[in-house]
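Working notes for the structure below.
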Amino acid sequence: MTKILIVNPNTTASMTATIATAARAVASPGTEIVAVTSAMGPASIEGFYDEAFAVPGLIEALLKTPDADAGIIACFDDTGLDAARSAARYPVVGICEAALVTAGQIAKRIGIVTTLPRSIVPLEELVRRYGFADRAVVTACDVAVLDLEKPGSGARPKLEAEIARALDKGADAIVLGCAGMADLAHELSVKFGVPVVDGVAAAVKQAEALAGLKLTTSRRGAYASPGAKRYTGLLEGFAPAPED
């Protein structure tokens, strides 16, 4: 049995349930999906400020499950990914990176449709970091993250309209730029006749591959375990302990 921990780094449990359902739909028969909601931080992650305050809860959740074979951060901002890789004893996959790698294998031009306009620049920075700046364009459907689950919000028509615009501008595949969209990928792929990639599903398959290959994060260089030192105030409990 392969145990994959999926952490929703916001505090909205209903979104975690959506993420877990999407993950289990693609997981292999021998994979156990454990989905948890952060115990502290913002209700949704929309921009740099929210992201900063979501990281402690994310790290806490990862450290509470040391027996996982791989972890997934279920926020398209890849919230705290580098810190998570430094802290966790198993490989950690970000859903933005996983989605781009997956889409890049089946299409040359990728349209990433996220939620609010304020998320465009953070995601553009990730796109550049992951080497897709020449192939992927980020746009927003102007829907708040929590409105994705709210009946009558008009979120679905706005998302579909933005996907149509991305395809009109030349995209060959669509990446859904929010974990809260995880349950929509298949329906949208059928509707528009192009691959629509959900980062949660893509991350599950990549996490399974890393676990199956028995690969974990390198402790040489950038992802070396954090050195023991004192933390103060509210973050005292996050102080790195001496290695065994």
Span per principal axis, largest first, for the Cα atoms of the stretch 93-169 (Å): 37, 27, 19
Sulfur and carbon atoms: percent of accessible area, the chain [1.4 Å]: 55 percent
Largest to smallest principal axis extent of the C-alpha atoms in the stretch 143-244, angstrom: 53, 37, 23
The chain: most fluctuating residue of Gly111, Gly154, Gly227 per GNM, C-alpha cutoff 10 Å: Gly227
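Using the heavy atoms of the protein chains and a 1.4 angstrom probe, tell me the accessible area per residue for the stretch 151-244 in square angstrom.
On the way: 5440 Å² over 94 residues.
Value for the stretch 151-244: 58 Å² per residue.
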Cα gyration tensor shape of the stretch 1-45, rounded if a/c is under 1.5, else prolate or oblate by comparing a/b with b/c: prolate
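Just how many % of Cα pairs in the stretch 1-97 lie over 16 Å apart, if you round to the nearest whole percent?
In whole percent, the share of Cα-Cα pairs in the stretch 1-97 beyond 16 Å is 49.
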Lysine pairs with alpha-carbon atoms under 28 Å apart, the stretch 39-192, spacing 8 or more or separate chains: 8
C-alpha long axis of helix 95-104 to longest principal axis of the chain, angle in °: 50 degrees
Calculated FRET efficiency for the pair Ser153/Ala25, C-beta based, R₀ 25 Å, to 0.05: 0.55
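Taking N as the number of residues in the stretch 67-201, what is its Cα Rg relative to 2.2 N^0.38 Å?
The value comes to 1.02.
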Extended-chain gain in nm, criterion 0.36 nm per residue less alpha-carbon gap, Thr232 and Val34: 68.2 nm
Exposure of Met181 as accessible area (Å², to 10), given a probe of 1.4 Å and all protein chains: 0 Å²
Bins of 5 Å from zero: percent of alpha-carbon pairs in the chain: 1, 7, 14, 19, 20, 17, 12, 6, 3, 1, 0, 0
Accessible area of the stretch 1-115 divided out per residue, in Å², using a probe of 1.4 angstrom: 37 Å²
The chain - mean residue ellipticity at 222 nm from DSSP helices (-39,500 (n - 2.57) per run, n ≥ 4, rounded to 500): -11500 deg cm²/dmol
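The values are calculated or read from the model by the stated rules, or taken from the named source; none is laboratory data. The model shown is predicted, which means the values in this text are computed figures rather than measured ones. Don't worry about glycine lacking a Cβ; one is built from the backbone with ideal geometry, like all the others, and counts go over all protein chains shown. Protein only, heavy atoms only, side chains kept; ligands, DNA and RNA dropped before computing areas. Shrake-Rupley method; radii C 1.70, N 1.55, O 1.52, S 1.80 Å.
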